[in-house]
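Contents: one structure, followed by commentary.
The values are calculated or read from the model by the stated rules, or taken from the named source; none is laboratory data. Quantities reported herein were computed from a predicted structural model and do not represent experimental measurements. So basically every Cβ, Gly included, is an ideal-geometry build from the backbone, and we count neighbours across all protein chains shown.
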Amino acid sequence: MFVELSQGMHPESAQSIRDNIAAEELPDAPQVVAYLNAGHPLIDMMDIEDDPLEPGRQVLNGSSILTDGEWLWRLDFGYYVRRHRVVVPPELLASIREHDYVVPDASVERLTELAATAEKFAFGPNGGVPFPSQA
């Protein structure tokens with residue numbers, strides 16, 4: 001999604017988070033953030049990352065990946081929308097509003113399919129970096 005928050009691949013050319021700050025907060029920001037935080041977990045990461053927009057502040061487990069069955073996003077996306085007014089893609093925002101801010105149910109089959117896609121974006125096409133061999 002944003003070059004500053006990437007440990008893997010991007011489905012399209014990545015942009016800087018700094019270039020995606022809205023002038024004003026969304027009028028329904030609390031509901032949008034709640035939706036983003038309530039997504040179905042696909043990949044759960046235990047990590048801590050520096051907030052690229054606020055030096056000295058850190059975000060826990062931000063690179064975990066969530067979905068609503070259609071869209072994929074990082075767990076920290078809601079944090080950046082709330083704290084820094086990071087822009088939600090218009091198509092995603094429209095979908096959130098169409099769902100009346102409630103993440104729809106998704107089948108196990110669909111979540112499994114999306115988890116495989118998310119894994120490629122998070123860890124690369126080969127599933128990540130192998131552990132060094134032990135001598």
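With respect to the numbered conditions (1) under 14 Å from the mean Cα position of the chain (by Cα); (2) within 13 Å of PHE121 (Cα to Cα), which one is the sole condition not fulfilled by SER13?
That leaves (1) as the condition not met.
Let's see how each residue does on (1) of a type in the set (A, V, I, L, M); (2) within 27 Å of GLU113 (Cα to Cα):
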position	(1), (2)
GLU4	no, yes
ALA23	yes, no
VAL33	yes, yes
GLU70	no, yes
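What are the pairs with Cβ atoms under 6 angstrom where one residue, in segment 98-116, is among the hydroxyl-bearing types (Ser, Thr, Tyr) and the other, located anywhere, is surrounded by 14 or more Cβ atoms within 10 Å (Cβ to Cβ)? Sequence gap at least six, or different chains.
TYR101/GLN31; TYR101/TYR35
Given the structure, is GLU12 part of a loop (DSSP other than H, G, I, E, B), of a type outside the set (Gly, Ala, Ser) and modelled with pLDDT under 95?
Details: part of a loop (DSSP other than H, G, I, E, B): yes; of a type outside the set (Gly, Ala, Ser): yes; modelled with pLDDT under 95: yes.
Judged against the criteria, GLU12 is a match.
Is one or more of the residues making up segment 67-83 buried (at least 17 other Cβ atoms within 10 Å of the Cβ), of a type in the set (Asp, Glu) and not in a helix (DSSP H, G or I)?
Yes, segment 67-83 contains at least one residue that is buried (at least 17 other Cβ atoms within 10 Å of the Cβ), of a type in the set (Asp, Glu) and not in a helix (DSSP H, G or I).
Could you list all residues from segment 90-125 that are over 12 Å from ASN37 (Cα atoms), at pLDDT 95 or above and not in a helix (DSSP H, G or I)?
Residues satisfying the conditions are HIS99, ASP100, PRO104, ASP105, ALA106, SER107.
Take segment 17-36 and flag every residue that is surrounded by fewer than 16 Cβ atoms within 10 Å (Cβ to Cβ) and either under 16 Å from TYR79 (Cα atoms) or at pLDDT 95 or above (or both). Write out each step before concluding.
In the first step, residues of segment 17-36 are kept if they are surrounded by fewer than 16 Cβ atoms within 10 Å (Cβ to Cβ); the result is 18-19, 21-25, 27-28, 30-31.
Selection gives ARG18, ILE21, ALA22, ALA23, GLU24, GLU25, PRO27, ASP28, PRO30, GLN31.
List, please: which pairs have Cβ atoms under 7 Å, are six or more places apart or on different chains, and start with a residue in segment 49-69 that is farther than 21 Å from VAL32 by Cβ and end with one that is in a loop (DSSP other than H, G, I, E, B) and not acidic (Asp, Glu)?
Here the result reads GLU49/GLY62; GLU49/SER63, each pair linking segment 49-69 to a residue that is in a loop (DSSP other than H, G, I, E, B) and not acidic (Asp, Glu).
Could you grab me the full set of residues in segment 17-34 that are under 10 Å from ARG85 (Cα atoms) and not small (Gly, Ala, Ser)? If you could, list the steps in order and put the result at the bottom.
Here is the first cut: in segment 17-34, the residues under 10 Å from ARG85 (Cα atoms) are 20-26, 29.
Once the filter is applied, which keeps residues that are under 10 Å from ARG85 (Cα atoms) and not small (Gly, Ala, Ser), segment 17-34 yields ASN20, ILE21, GLU24, GLU25, LEU26.
Out of all the residues in segment 41-64, which are surrounded by fewer than 17 Cβ atoms within 10 Å (Cβ to Cβ) and in a strand (DSSP E or B)?
Residues satisfying the conditions are PRO41, ILE48, ASP50, GLN58, LEU60.
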